[in-house]
Amino acid sequence: MRRKDRYPETKSPPKTAEKFLAWFIRADLKEEVQGDLLEKYLDHRKKYSSRKANLLYWYQVLHYLRPFAIRNFYLPSPNLYYMFRNYLKITFRNLNRQRLHSLINILGLSISLTAVFLLLLWVNDEWQMDKFHANADRIYRLKRTIPLEGHTLDVYRGISYPLLEAAQDELPEVEKYITIGHTFEENLQIDNQVIRAGGTFANASYFHAFSFPVVQGDITQLDNKIDAMAISTTLAYQLFGEAWQTSALGKTVHIHDNGDYTIEAIFADFPSRSSLQNDFFFPFQAHLRDNEWMKEWTNNGMQGALLLSENADPVQVGKELEKIFQNHQSGDNKEGCFLQKFEDDYLYGNFNAKAEVDGGRIEYVQMFLAAALLLLIISCINFVNLATARASKRAKEVGVRKTIGASRKTLAGQFITEAFLITFLSVGLAMIGTWLLSPAVSLITEKSLFIDLSSLYTWITLVGIIFMTGIMAGAYPAFVLSSFQPIQVLKGRFIEKTRDISFRRGLVILQFTLSLLLIVGALTIKAQINFIQEAHLGINKDNLLVINQDAEVVEKYEVIRRQLEGHPSITGVTLAGPSPLEMPASTSGVSWPKKRPDQENIEFCILWTADNFPGVFQVPLHAGSYYRQTEGPDTTHIVFNQRAVEIMELDGDPVGQTIEWWGKPRQIIGVLKDFHNRSFYEKIEPAAFLLDPDNAGSLFVKADEGQISEAIAGLKKTFTEVIPGVPLHYDFVDEQYRQLYKSEMLTGKLTNYFAIISIVISCLGLFGLINFVAEQKTREIGIRKVLGASTGSLVTLLSRDFIRLVSIAFIMAIPLSYLFLDKWLERFAYQVNLNWWLIFAIAGFSAIALTLITISFKSIQTATHSPVDSLRME
Amino acid sequence: MKGSNIGEFEELVLLCIASLGEEAYSVSICDELLRVTGRKSKLGVVHSVLNRLNEKGMVKSHLGEPTQERGGRRKRFFEVTHAGKVALLKVKEQRERLWQSIPPLIFEGIKI
């Protein structure tokens, strides 16, 4: 029943109109106007129907919408300044009074903000890679697609030189083509000084298109003179000393295995934000001269990019280029090509089966951004929890303020201001922390990270973070604290609403769930990385030194080998190349009886070897035997790995059968057992092993266990004796292998740190909470003790709640983490067989253990506290 | 002389207040206006005029006792101040002078 029907004599005007009036009317007019209108209304009700009276009431109300009667919505008040000063004062007083609590708050926030800043610096650096080129929006990388079985496409960076040339000649939108070579290390010699540096070949367009400034000389000579050379300022300094500016140009440098070149230009060092890093360049034409095979359309021995004209459409150009490319191919299953923006290659380097961008480094960027957000959330949760838990302490203050006239909004404003001030402090501390830690982090991540205070973006980000954190941390507490009713509070009858307590509990659970997720994640990643590192690859990479090929080494190989093998610490010497663990070279020029048309483009990896390859690398033979030493390369026999034989589906014993290799028949004399020849992300590829030590790229020396330094000494001795002109430079094969997984290792390290930081922050929060609870319950505990409770039961009383929360968090974290991590592991073709139960057990156990440690101190202290003291407080 | 000019409506309102004596508040003023001039003015309008008169110093007000009919809200009573009375008299005098100088012949035969 409506109120009007129950009490028919109560006539009241339409509620909405009343509310509207009350809202807009000026405060000092409110009372009389409401009274007047009510009188009029009742008058009308006597004379007219209620509907007409209502209408008339509305009429009157609307006519009060006059300038003089509308309240002042805009509050300029000079009071704002004084209020703010008051807030500051109160905030600092509070911080001072509750030292421990404040410390926990600020510490927690600062730690996570430091982590967030460092992360953002890393993300920014990754994001800015290759974006500094002035022509960045016109430079496109040329990429090649190969159709494989089942309509899938494989994407490669390697393209053929004729295609680049054709692009510039035949397509008007292409201004220039840029040759991009693989950077390799070489020994550069001038007079008697030998410096090792990294560089490659290039044409002059490289410097015209990319923004690599030339400091001295004329870079166009790279195209004009076949023996021209360009070096970086660092290299110039290394070779010519302080006076390089006057003495470097025009000098002749000898590149081992390559020839003599004259320095025609010096360029500034490549910035760290460039994915291309080179210290010297020799002309592309020179490389072409020495590698005639690169002129063929079917050979894809280099990478390249195109500088397009303004307003050119890369998709269109790509299609036309593909037409040209395919015109020069024969048969079905033709390869294709397309253009990708040069700067995108770094972050978006992965392609799916349809040759569409499918991620790459960008996934790591996204992952770390998410992690940063997670950390921020965890510490904001801390803040919120502690603030609302301690609400009762501020209750009286709120009551008094409300009594003297503070509105709820004003109070909320005060508490948000407090949150902002604390955030501000924390940000300040975090900046200091970041400044201190950035050198270390730069080292781990191999970047140069530092806060650029001169950049506008830095300040925008900072303000944004302060804002976000302040709101996240301050909104809920402000809401809760400002809702206290002064009467209840001042009378002392302050009871927390159940809703608020449950919310707090929920937050703790959330916090611990997130932390547990991170811990489980860290453990899993670590397990996978260990698995990769320790896994049985099928090939032995320990105690193995690799020395890059030099023409002289190959010439005097026999002599070197005999000498080294005579050394007691050296167990084997061989030649192999390009790299047994990566096998970058491949060919599709293989033919076998059962070859199907859709297998047209299957690539077989190639390794050029010496006859003792299996022995030194400890790769067992699956069938047949390996090569016997011959004069020059063996072109009548061939050895494959198991996978290759699988693909070829040969009937019966593969040994003795004949297949076609590069157009000529060869007999299979052996099959090696499979070993991992690509990264752990991919399956083992089919591979062929040729006997051709002259073309094998590197010298491998295997040392005895624990005898590496002796082996190196012996190596040095041999080199100085046999080939004095060649400086020795060696690497460790297992080190090189580890480098392949740099990103994973970085991820693993960072996840470890995150997990630790997040659990520390969560425990900090827990510590604050239990401190508070203990304080609240001091009298209760005192009474219980007097009545005879044991210490154990008291400890349980305090901790029971928290342990229960952490357990719930654990139960929730299990399925979530399983989901995420399963997905992450999918990218590895070979996953570690995770003992999930073990990982969950460790994570859960450590979480509970840490929780116990955190609470134990305070709870035991409170439980053993003398009840006399606590009860005396009355 | 400055600020002592009052508009036609303001004058009417002032006269009403004066005639109502003790009981002059916004609702009664409104009713009186209606009774004498036949104009149905809205409370908001009258209130606005009262506000202006107050600012000009012609009218002063005080709050009365809360009554049940108004839901416990108090009324604001208005009184004409000395300045207001002076202004009214001045206007009246001006009108009279003008009327006197008009020959009665002009208004012969017109009925209202």
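Counting only residues that are surrounded by 15 or more Cβ atoms within 10 Å (Cβ to Cβ) and among the aliphatic types (A, V, I, L, M), which one in the range B:72-91 is nearest to the other protein chains (Cβ to nearest Cβ)?
Looking at the filtered set, the residue picked out is B:Val80.
Only one residue in A:Leu699, A:Leu672, A:Leu740, A:Leu715 is within 30 Å of A:Asn601 (Cα to Cα) and in contact with a strand residue (DSSP E or B) (Cβ under 7 Å, 6 or more places away or on another chain). Which one?
Matching residue, one of A:Leu699, A:Leu672, A:Leu740, A:Leu715: A:Leu672.
Failed condition for A:Trp459, given (1) surrounded by 16 or more Cβ atoms within 10 Å (Cβ to Cβ); (2) without any contact (Cβ under 8 Å) to a residue 24 or more places away in the chain, with all others met?
Only one criterion is unmet by A:Trp459, namely (1).
Which of the residues belonging to the range A:98-140 are among the polar types (S, T, N, Q), assigned to a helix (DSSP H, G or I) and within 30 Å of A:Thr854 (Cα to Cα)?
Of everything in the range A:98-140, those that are among the polar types (S, T, N, Q), assigned to a helix (DSSP H, G or I) and within 30 Å of A:Thr854 (Cα to Cα) turn out to be A:Ser102, A:Asn105, A:Ser110, A:Ser112, A:Thr114.
Specify which of the listed residues (A:Phe117, A:Phe132) is crowded, with 20+ Cβ neighbours inside 10 Å and out of contact with any His (no Cβ under 6 Å at 6 or more places or on another chain).
Result of the check over A:Phe117, A:Phe132: A:Phe117.
With A:Ala27, A:Ala22 as the choices, which residue is exposed (fewer than 15 other Cβ atoms within 10 Å of the Cβ) and within 13 Å of chain B (Cβ to nearest Cβ)?
Going through A:Ala27, A:Ala22 in turn, just one is exposed (fewer than 15 other Cβ atoms within 10 Å of the Cβ) and within 13 Å of chain B (Cβ to nearest Cβ): A:Ala22.
Do you know which residues across the range A:188-241 are among the β-branched types (Val, Ile, Thr), surrounded by fewer than 20 Cβ atoms within 10 Å (Cβ to Cβ) and not in a helix (DSSP H, G or I)?
Answer for the range A:188-241, where residues must be among the β-branched types (Val, Ile, Thr), surrounded by fewer than 20 Cβ atoms within 10 Å (Cβ to Cβ) and not in a helix (DSSP H, G or I): A:Ile190, A:Val194, A:Ile195, A:Val214, A:Val215, A:Thr220, A:Ile226.
Among B:Glu11, B:Glu23, which is the only one that is more than 10 Å from chain A (Cβ to nearest Cβ), closer than 19 Å to A:Val33 by Cβ and not hydroxyl-bearing (Ser, Thr, Tyr)?
Of the residues listed, the single one that is more than 10 Å from chain A (Cβ to nearest Cβ), closer than 19 Å to A:Val33 by Cβ and not hydroxyl-bearing (Ser, Thr, Tyr) is B:Glu23.
So, B:Glu55, is that one of a type in the set (Asp, Glu), out of contact with any Gly (no Cβ under 6 Å at 6 or more places or on another chain), within 19 Å of B:Arg76 (Cβ to Cβ) and surrounded by 14 or more Cβ atoms within 10 Å (Cβ to Cβ) or not?
So B:Glu55 does not fit the description; no.
Quick one: would you say A:Glu31 is in contact with a strand residue (DSSP E or B) (Cβ under 8 Å, 6 or more places away or on another chain) and either without any contact (Cβ under 8 Å) to a residue 60 or more places away in the chain or polar (S, T, N, Q) (or both)?
It is true that A:Glu31 is in contact with a strand residue (DSSP E or B) (Cβ under 8 Å, 6 or more places away or on another chain) and either without any contact (Cβ under 8 Å) to a residue 60 or more places away in the chain or polar (S, T, N, Q) (or both).
Consider A:Leu715 carefully, then state whether it is closer than 30 Å to A:Gln189 by Cβ, buried (at least 21 other Cβ atoms within 10 Å of the Cβ), in contact (Cβ under 8 Å) with a residue 24 or more places away in the chain and not polar (S, T, N, Q).
Considered against the rule, which asks whether it is closer than 30 Å to A:Gln189 by Cβ, buried (at least 21 other Cβ atoms within 10 Å of the Cβ), in contact (Cβ under 8 Å) with a residue 24 or more places away in the chain and not polar (S, T, N, Q), A:Leu715 comes out as yes.
Looking at the range B:35-51, which of its residues are aliphatic (A, V, I, L, M), surrounded by 13 or more Cβ atoms within 10 Å (Cβ to Cβ), free of Cβ contacts under 8 Å to residues at least 40 places away in the same chain and more than 7 Å from every other protein chain (Cβ to nearest Cβ)?
Selection gives B:Val46, B:Leu50.
Does the range A:311-330 contain at least one residue that is under 26 Å from A:Pro584 (Cα atoms) and in a strand (DSSP E or B)?
No; the residues of the range A:311-330 include none that is under 26 Å from A:Pro584 (Cα atoms) and in a strand (DSSP E or B).
Can you tell me how many residues within the range A:257-268 are buried (at least 16 other Cβ atoms within 10 Å of the Cβ) and under 27 Å from A:Ser442 (Cβ atoms)?
Within the range A:257-268, residues that are buried (at least 16 other Cβ atoms within 10 Å of the Cβ) and under 27 Å from A:Ser442 (Cβ atoms) number 1.
Among the residues of the range A:6-28, which ones are modelled with pLDDT under 85 and part of a helix (DSSP H, G or I)?
Once the filter is applied, which keeps residues that are modelled with pLDDT under 85 and part of a helix (DSSP H, G or I), the range A:6-28 yields A:Arg6, A:Ala27, A:Asp28.
Of (1) closer than 16 Å to A:Trp122 by Cβ; (2) in a helix (DSSP H, G or I); (3) touching a residue at least 12 places away in the same chain (Cβ under 8 Å); (4) of a type outside the set (Ser, Thr, Tyr), A:Leu443 satisfies all except one. Which?
(3)
Looking only at helices (runs of 4 or more DSSP H) that lie completely in the range A:340-420, which have at least 3 residues being closer than 19 Å to A:Val480 by Cα?
A:361-389, A:391-403
Report, by residue number, each residue of the range A:330-365 that is without any contact (Cβ under 8 Å) to a residue 40 or more places away in the chain, among the β-branched types (Val, Ile, Thr) and out of contact with any strand residue (DSSP E or B) (no Cβ under 8 Å at 6 or more places or on another chain).
Answer for the range A:330-365, where residues must be without any contact (Cβ under 8 Å) to a residue 40 or more places away in the chain, among the β-branched types (Val, Ile, Thr) and out of contact with any strand residue (DSSP E or B) (no Cβ under 8 Å at 6 or more places or on another chain): just A:Ile362.
Does A:Asn350 meet the test of being of a type outside the set (A, V, I, L, M, F, W, C), within 31 Å of the chain's Cα centre (by Cα) and buried (at least 20 other Cβ atoms within 10 Å of the Cβ)?
no
Quickly run through the range A:49-66 and pick out the residues that are assigned to a loop (DSSP other than H, G, I, E, B) and either closer than 26 Å to B:Val49 by Cβ or within 13 Å of chain B (Cβ to nearest Cβ) (or both).
A:His63, A:Tyr64, A:Leu65, A:Arg66
The values are calculated or read from the model by the stated rules, or taken from the named source; none is laboratory data. Values in this document were obtained by computation on a predicted structure and should not be read as measured data. Cβ coordinates were reconstructed from backbone atoms using ideal geometry, including for glycine residues, and neighbour counts include every protein chain displayed.
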